[in-house]
Amino acid sequence: MAVIDTFKDRLKERRKQNGISQQQLANAIFVSRSAVAKWENGLGLPGKTSYEALLVFFETSADEFPLDEEIEIEVVKHNQKRHIIRSIIFWVV
């Protein structure tokens, strides 16, 4: 999951370097603050429009924020595992 970490870590680092909050970034690219939080926590990825808005906002290229099908598949797998674990815990408790 190293590639996912690269995206989320770089996003958070770049946001902090710019001295802006998650809410300010969300407002700038027309998404919710919770969407930005999910991306930074590796729980989701931006859609194509939001991804392009991030690149424009940070004046960067896809090289700095790599996002491709392989990453998306890993995020889905990760979230499926989390969901299964939560379901098991819920039914056990």
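Points worth noting:
- Amide N proximity, segment 41-57 versus Ser34 label position 7 Å along Cα-to-Cβ, cut-off under 15 Å: 41, 43-45
- In sequence order, calculated HN-Hα J values of segment 28-42 (Karplus, 6.51, -1.76, 1.60; Hz; x Gly/Pro): 5, 10, 6, 10, 7, 5, 5, 5, 4, 4, 4, 4, 6, 9, x
- Normalised by residue count, segment 21-66 yields a Cα convex hull volume of 70 Å³ per residue.
- Semi-axis lengths (Å, descending) of the ellipsoid that matches the C-alpha gyration tensor of segment 1-50: 17, 13, 8
Only the coordinates and a few stated rules stand behind these numbers; no lab work does. Here the structure is a predicted model, which means the values were calculated and not measured. Heads up, the Cβs are rebuilt from the backbone with ideal geometry, glycines too, and the neighbour counts pull from every protein chain shown.
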